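Colleague: Below is the structure I would like to discuss, written out as structure tokens.
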Amino acid sequence: MTTMGFVLYDYWRSSAAYRVRIALNLKGLSYASRPVHLVRDGGEQHSADYQAINPSQLVPSLLDGERVVTQSLAIMEYLDETHPEPALLPADARGRARVRALAMTVSSDAHPIGNLRVLQYLQSTFNADELQRADWSRHWIAVSFTALETMLANNAATGRYCHGDVPGMADACLVPQFYNALRWKLSLEPYPTLQRIYDECSALEAFRRAAPEAQPDAPAAAPA
Ligand SMILES: N[C@@H](CCC(=O)N[C@@H](CS)C(=O)NCC(=O)O)C(=O)O
């Protein structure tokens, strides 16, 4: 089904926005992308206009008509409740708890400490240089990836994707974080299950269209 009326405040390299792009694509929901440049002019997320939409000064924000929904996980659950098919969460409570736990290992544990504003604060307040900031990012992604690898490997509920054979909310969180890991050149050898699921997802059109380099605001030659 295709529904008009969604506007996504987006940034090509935002992994939280990337999650929502995947979710919208998986559901076949069309949307208009409204890029918020996170770096130019000190970051458009800090402008008064954008703060009126999202006081957290973070992307993504989703406009559904007049209604603003923020927080990527809340947005994905909102989409799932308003457009149930295909589902991003399993039908059973235990399955939903597992998928949310996988998703939150990315969104609550790994992602916030590697966010742009954290890296900027490390630089401005503690003089952390580029190599130190890259080390920081790799370290915290590795901590969460170690947990995720254990949660996913040898678990009967893991299938072709994070939960069974249908891609869903956990995959929409894993893939963007895996993209971040590639960007920071984290060694991925210790995470064969994550790599396998990333490869499976990357073969799907919904994920390919959501990829940073496929976004309208991506620079022509996207930086590494
Ligand atoms: N918990 C939020 C996190 C959103 C977030 O951190 N977005 C990043 C981009 S991935 C951002 O806007 N960063 C801007 C900044 O750090 O100033 C969500 O899941 O939506």
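The values are calculated or read from the model by the stated rules, or taken from the named source; none is laboratory data. For clarity, every value in this text was computed on a predicted model and none was experimentally measured. Ideal geometry is used to build each Cβ from the backbone, glycine not excepted, and the neighbour counts take in all protein chains shown.
Colleague: Quick check on segment 196-224: of everything there that is outside any loop (DSSP other than H, G, I, E, B) and without any contact (Cβ under 8 Å) to a residue 12 or more places away in the chain, which residue is surrounded by the fewest Cβ atoms within 10 Å (Cβ to Cβ)?
Modeller: Here the residue is ASP199.
Colleague: Only one of THR105, THR125 is within 16 Å of the ligand (Cβ to nearest atom), on the phi < 0 side of the Ramachandran plot, β-branched (Val, Ile, Thr) and touching a residue at least 24 places away in the same chain (Cβ under 8 Å); which?
Modeller: None of the other options fit; the residue is THR105.
Colleague: Here's a follow-up. Can you tell me which residue in segment 79-121 is farthest from THR150 (Cα to Cα), limited to those that are touching a Phe, Trp or Tyr at 6+ places or on another chain (Cβ under 8 Å) and of a type in the set (A, V, I, L, M)?
Modeller: It comes out as LEU119.
Colleague: Turning to a different aspect of this structure: Evaluate the following for ALA103: is it assigned by TED's automatic domain parsing to the domain that holds ALA147 and under 19 Å from CYS201 (Cβ atoms)?
Modeller: Yes, satisfied.
Colleague: Taking PHE126 as meeting all but one of (1) of a type in the set (A, V, I, L, M, F, W, C); (2) under 15 Å from the mean Cα position of the chain (by Cα); (3) farther than 25 Å from GLU149 by Cβ, write down the number of the exception.
Modeller: Unmet for PHE126, out of (1) of a type in the set (A, V, I, L, M, F, W, C); (2) under 15 Å from the mean Cα position of the chain (by Cα); (3) farther than 25 Å from GLU149 by Cβ: (2).
Colleague: Out of all the residues in segment 50-79, which are of a type outside the set (A, V, I, L, M) and more than 15 Å from the ligand (Cβ to nearest atom)?
Modeller: ASP64, GLY65, GLU66, ARG67, listed by residue number.
Colleague: Something else about it: Could you check segment 1-49 and list, in sequence order, the residues that are in contact with a strand residue (DSSP E or B) (Cβ under 9 Å, 6 or more places away or on another chain), away from the ligand (no atom under 15 Å from the Cβ) and more than 17 Å from MET76 (Cβ to Cβ)?
Modeller: MET4, GLY5, ALA32, listed by residue number.
Colleague: Another question, if that's okay. Looking at (1) closer than 30 Å to HIS83 by Cα; (2) in contact (Cβ under 8 Å) with a residue 12 or more places away in the chain, find the lone condition where ALA156 falls short.
Modeller: With respect to (1) closer than 30 Å to HIS83 by Cα; (2) in contact (Cβ under 8 Å) with a residue 12 or more places away in the chain, ALA156 is out only on (2).
Colleague: Now for a different question. Go through segment 1-87 and tell me which helices (runs of 4 or more DSSP H), entirely inside it, have 2 or more residues that are basic (Lys, Arg) and buried (at least 19 other Cβ atoms within 10 Å of the Cβ).
Modeller: Of the helices (runs of 4 or more DSSP H) lying wholly inside segment 1-87, those with at least 2 residues that are basic (Lys, Arg) and buried (at least 19 other Cβ atoms within 10 Å of the Cβ) span 15-26.
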